[in-house]
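Down below is the structure, laid out as structure tokens.
The values are calculated or read from the model by the stated rules, or taken from the named source; none is laboratory data. Just so you know, these numbers come straight off a predicted model, no measurement behind them. Cβ atoms come from the backbone with ideal geometry, glycine included; neighbour counts cover every protein chain shown. Just the protein is used for accessible areas: all its heavy atoms, side chains included, with ligands, DNA and RNA removed. Shrake-Rupley method; radii C 1.70, N 1.55, O 1.52, S 1.80 Å.
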Amino acid sequence: MQHETDRIPVLSIVCPAFQEEEVLPLFHLELSTALAALEQPYDVEIVYVDDGSSDATLEVMRELALADERVRYLSLSRNFGHQAALTAGLAEARGDVVVSMDADLQHPPALLVELLSKWRQGADIVLTIREDDPQLSLFKRVTSRWFYRVMKLAGETDIRMAAADYRLMSRRAVDALLQLRETHRFLRGMVQWLGFPVAEIGYRPARRKAGVSKYSIHKMLSLAVDGILSFSRLPLRLALMLGAIALVAGLGLGCWAAVSLFSAGASGTAGLALVLASRHALGGSILICLGIVG
Ligand code: UDP
Ligand code: MG
């Protein structure tokens, strides 16, 4: 078996948290229970990342680290966002196998057994696929479904519908992921882009155990834009397509103006058409150049 070594494998749990003072102690308790129930022995480390919280999240992490020697924590200087916090945590993790999950217990820690068993069977990446959750707000369900639909239409990397940031990665997958130097990180796409053997398991997301969602509409939108801009050439092709349309329209209009000038002599309409034609042709050419540069 690929992962079999003489020593006990190190398992890292990476968990970014922003304003999660309420839920973090509950999360740690449930995670500890899940870790105690693992079938094989692991040398466990838990890496908490405080994403610039202004509540007592960092203090809670400190207390957890004092009480539990498996806990380490990072504190970011400001709120950088979930994907950046997750990346910082992954860079800090030392595990042979690394699992990332949210702090709000929507990602059930009990799934660890199944995730690790897929890893032991040889998968470098184990994705968790969220089943449609009727408890989730209609807004979240609809926006999420449409986002994945657009990604499927526009993207070249096949990004699994409803893949959450609850996933397992082998050491080599984490190392490869960390080598990608994107600033706007859409980790769901990047992980699947790597090309390592992927397995997946479905799960029914639980309700957030305390606190409220930290993904504001602005944060959701910016994640969606990062996803589409990073994994689709459509926005760049759009410039090319619009440019081609404008150029063809400009040339057509120019021909029409020239014919009408020659046949009917100078007229206001033909003059206007000529101006419009030159503007379309120029604008179209610039857009085409932008598309090519893109
Ligand atoms: N989170 C973070 N930084 C942010 C927003 C969220 O680290 O700027 C964390 C948050 O604490 C949680 C995870 O990312 O552990 C997912 O966020 P949340 O549960 O609020 O999102 P939702 O599940 O509602 O999409
Ligand atoms: Mg959540």
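Within segment 102-115, residues that are in contact (Cβ under 8 Å) with a residue 24 or more places away in the chain and of a type in the set (Val, Ile, Thr) sit with their Cβ atoms under 8 Å from residues that are away from ligand 2 (no atom under 15 Å from the Cβ) and not in a loop (DSSP other than H, G, I, E, B), at 6+ positions apart or across chains, in these pairs: Val113/Ala34. Filtering segment 170-190 to residues that are in contact (Cβ under 8 Å) with a residue 60 or more places away in the chain, part of a helix (DSSP H, G or I) and within 16 Å of ligand 1 (Cβ to nearest atom) leaves only Leu187.
If I ask for residues that are part of a helix (DSSP H, G or I), of a type in the set (D, E, K, R) and either surrounded by 23 or more Cβ atoms within 10 Å (Cβ to Cβ) or touching a helix residue (DSSP H, G or I) at 6+ places or on another chain (Cβ under 9 Å) (or both), which ones from segment 86-140 would you list? Walk me through it before giving the result.
First pass over segment 86-140, keeping only residues part of a helix (DSSP H, G or I): 86-92, 109-120, 138-140.
Filter again for of a type in the set (D, E, K, R), leaving 92, 114, 118, 120, 140.
Across segment 86-140, the qualifying residue is only Lys140.
Applying the set (1) at pLDDT below 90; (2) open to solvent by 60 Å² or more (accessible area, probe 1.4 Å); (3) of a type outside the set (Asp, Glu) to Gly195 leaves exactly one unmet item: (1).
The residue of segment 199-214 that is surrounded by the fewest Cβ atoms within 10 Å (Cβ to Cβ), among those that are part of a loop (DSSP other than H, G, I, E, B) and of a type outside the set (D, E, K, R), is Val212.
If you check Gly271 against the conditions, is it crowded, with 16+ Cβ neighbours inside 10 Å and either in contact (Cβ under 8 Å) with a residue 12 or more places away in the chain or within 30 Å of Cys289 (Cβ to Cβ) (or both)? No: the conditions fail for Gly271. Only residues that are closer than 13 Å to Ile13 by Cβ, within 14 Å of ligand 1 (Cβ to nearest atom) and open to solvent by 30 Å² or more (accessible area, probe 1.4 Å) were counted in segment 23-54, giving 1.
When segment 141-158 is filtered for residues that are among the aromatic types (Phe, Trp, Tyr) and either in a loop (DSSP other than H, G, I, E, B) or in contact (Cβ under 8 Å) with a residue 60 or more places away in the chain (or both), only Phe147 remains.
Anything in segment 63-79 that is of a type outside the set (Lys, Arg), within 20 Å of Lys214 (Cα to Cα) and surrounded by fewer than 17 Cβ atoms within 10 Å (Cβ to Cβ)? List them, or say none.
Pass one, segment 63-79, residues of a type outside the set (Lys, Arg): 63-69, 71, 73-77, 79.
Next cut, within 20 Å of Lys214 (Cα to Cα) only: 73-77, 79.
Matches in segment 63-79: Ser75, Ser77.
Of the residues making up segment 215-229, those that are within 16 Å of Phe18 (Cβ to Cβ) and in a helix (DSSP H, G or I) are Ile217, His218, Lys219, Met220, Ser222, Leu223.
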